[in-house]
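The block underneath contains the structure these notes are about, expressed in C-alpha cells.
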Amino acid sequence: MYSLAKITGIGTHVPEERLTNADLERMVDTSDEWIVPRTGIRERRVSAPDEWSSHLAIKAVDNMLARYPVTLDQVDLILVATATPDTSFPSVACQIQDHYGLPDTGALDISAACAGFVYALHLANGMITSGLHRKILVIAAETLTKITDYTDRNTCILLGDGAGAVMVEACPADQASFIHTRMTTDGSAGIHLYKSDLATHIRGKEIIKNGYMIQNGREVFKIAVSTLSREIPRLLEQTEYTLDDIDWFVPHSANLRIIDAVCGRLDFPTEKTLFSAEYFGNTSSASIPLALQMGLDEGKVKQGDLLLLSGFGGGFVHMSSLLRWTASGRRV
Ligand SMILES: CC(C)(COP(=O)(O)OP(=O)(O)OC[C@H]1O[C@@H](n2cnc3c(N)ncnc32)[C@H](O)[C@@H]1OP(=O)(O)O)[C@@H](O)C(=O)NCCC(=O)NCCS
C-alpha cells in the first residue's frame with residue numbers, strides 16, 4: 001500500500017520581457033548601485049499585457065512534462081498557490097483543469113502569499129498521506145508586475161513574474177519526500193504587507209491604495225529575518241536533523257539581504273542557499289520552485305539531497321519544510 005508522498009517532477013516558466021535596474025532608473029529615482037547591494041536583484045521578468053498567472057502556470061506544467069517522465073493521467077487534485085490569480089473566481093486551478101481537460105479532479109487556489117508554494121506542498125503531502133488523494137499537481141504562478149505601483153520606488157524594484165509546477169504522488173514509505181514542517185502566522189502584522197481590492201482597512205488600520213502591493217519594507221525585513229531565524233531551529237529540534245545535515249536551504253527569494261541576515265543568525269553558509277531573485281526579482285510563491293530549478297540546472301541539487309524550504313510573506317505567514325529531493329529521470 002502506497003501511503004506517503006513524493007515529488008516526481010518540476011518545471012518552471014518566466015515571461016520573455018526583462019526589466020533591468022537600468023530600465024528602472026528611467027522610471028523612478030533609483031540606481032543599480034542602490035538596488036543591488038540592498039536586494040541582490042539585477043533584473044525581473046514582466047508578463048505581457050494579456051498574459052496572466054494561468055498562462056505562466058500552463059507553461060510551467062508543460063516544461064515539467066517535457067523534462068520529467070510524469071503525466072497528468074489520474075491527477076485527482078490541482079492546487080495553485082497565487083497572490084495574483086487572473087480572476088478571484090474562477091480560480092487559476094479551474095483554468096488549468098480546463099486547459100488540460102483533466103477529468104475527476106478537484107481544483108483549488110491557495111492564498112498564502114509568498115509562502116504559497118510551501119503551503120501547497122504541505123497540503124498535497126497531507127492529502128496523499130491521509131489516503132484521500134493519490135496524485136496532486138502543485139503550481140505556484142504569479143504576475144506581480146500587474147499589481148506593482150511603478151511610482152513606489154521602495155517596492156517596484158523588487159517584483160517580477162514567473163511560475164513553477166511540481167507533481168506530488170503517492171509512494172512507498174522508503175521513497176517519501178516530506179520529513180517535517182513548521183508553520184506560524186502573525187496576523188497582527190498584516191498591515192505591513194498587503195494588496196487589497198475591496199477593503200479600506202485591515203483590522204482597523206487604514207490601507208493606502210487599492211489594487212497594488214503595498215509594503216513597509218523595513219518592517220517586512222525585520223519580521224522575515226526574526227521569523228526565519230527563530231522558527232528554523234524549532235523545526236529542526238523536532239527532527240533528527242541539524243543545520244549541518246542540510247544540503248540546500250531554499251528560502252523565499254525576496255531579497256538577498258534577508259537571506260544573508262538569516263544565514264548570519266543561524267551560522268549557516270550562504271553558499272548553500274538557492275536564490276532566484278537576481279535575474280527574476282521577487283516572484284512571491286514562484287520564487288522557491290524557480291530557485292530549485294536553477295539549482296537542478298546548475299547541477300547543485302541532486303537526488304536524495306536534504307532541502308529546507310522556507311516560505312514567508314504577507315499575512316504574515318511562514319512555513320518551513322524539510323524534505324528530500326526525489327524527482328529524477330530528466331529527459332533533457
Ligand atoms: C525595500 C528595501 C530594499 C528598502 O531598503 P532600506 O534599506 O530598508 O531602505 P529605507 O526604506 O530605510 O530607505 C532608505 C533611504 O533610501 C531611499 N530609497 C528607498 N527606495 C529606494 C530606491 N529604490 N532607490 C533609491 N533610494 C531609495 C529612501 O527614500 C530612504 O531615503 P532617506 O533616507 O532620504 O529617507 C528593504 O527595506 C527591504 O528589502 N525590505 C524587505 C522587502 C521585501 O522583501 N518584501 C517582500 C517580502 S515577501
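The values are calculated or read from the model by the stated rules, or taken from the named source; none is laboratory data. Here the structure is a predicted model, which means the values were calculated and not measured. Using ideal geometry, Cβ is built from the backbone for each residue, glycine included, and neighbour counts are taken over all protein chains shown. Accessible surface areas use protein heavy atoms only, side chains included; no ligands, DNA or RNA. Shrake-Rupley method; radii C 1.70, N 1.55, O 1.52, S 1.80 Å.
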Query raised in the report: Tally Lys/Arg at +1 and Asp/Glu at -1 over every other residue whose Cβ is under 15 Å from the Cβ of HIS133; what's the total?
Result: -1
Query - Prolate/oblate/rounded call for the range 191-265, Cα gyration tensor, a/c under 1.5 rounded - result: prolate
Report task. List the residues whose amide H sits under 5 Å from the amide H of THR273, counting only those 5 or more places along or on another chain, with H placed 1.01 Å from N in the peptide plane. Result -> PHE249
Query raised in the report: When we measure straight from the Cα of LYS6, which lysines land under 30 angstrom away, once same-chain ones fewer than 8 places off are left out?
Result: LYS59, LYS135, LYS272, LYS300, LYS302
Query raised in the report: Which three extents, in whole angstrom, do the alpha-carbon atoms of the chain cover along their principal axes, largest first?
Result: 59, 45, 43
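Specify, per residue and in Å³, the volume enclosed by the convex hull of the alpha carbon atoms belonging to the range 4-175.
Details: hull volume 21.5 nm³, N = 172.
Considering the Cα atoms of the range 4-175, their hull volume per residue is 125 Å³.
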Query - Rounded accessible area per residue of the range 173-307, 1.4 Å, Å² - result: 48
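Please give the contour-minus-distance gain from TYR241 to VAL36: 0.36 nm per residue of separation, less the Cα-Cα distance, rounded to one decimal in nm.
Details: separation 205, 0.36 × 205 = 73.80 nm, distance 3.41 nm.
Fully extending the segment from TYR241 to VAL36 adds 70.4 nm.
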Report task. Using the Karplus curve 6.51 cos²θ - 1.76 cosθ + 1.60 with θ = phi - 60°, work out ³J(HN,Hα) for each residue of the range 269-281 in order, rounded to whole Hz, and write x for Gly and Pro. Result -> x, 4, 5, 9, 10, 10, 9, 9, 7, 4, 10, 10, x
Requested in this report: May I ask you to give the percent of accessible area on the range 178-324 that is carbon plus sulfur, with a probe radius of 1.4 Å?
Outcome: 48
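Are there any helices in the chain, counted as whole DSSP H runs, that stretch 18 Å or more along their axis by Cα and score at least 0.5 on average by Kyte-Doolittle, and if so which?
Numbers: long enough: 53-67 (21 Å, 0.23); 116-129 (19 Å, 1.08); 217-237 (30 Å, 0.06).
The qualifying helices are 116-129.
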**Report entry** the range 45-129 - percent of accessible surface contributed by carbon and sulfur, probe 1.4 Å
**Finding:** 56
Report summary line: Applying the gyration tensor rule to the Cα atoms of the range 178-324 (axes a ≥ b ≥ c; rounded if a/c under 1.5, else prolate if a/b exceeds b/c, else oblate), the class is prolate
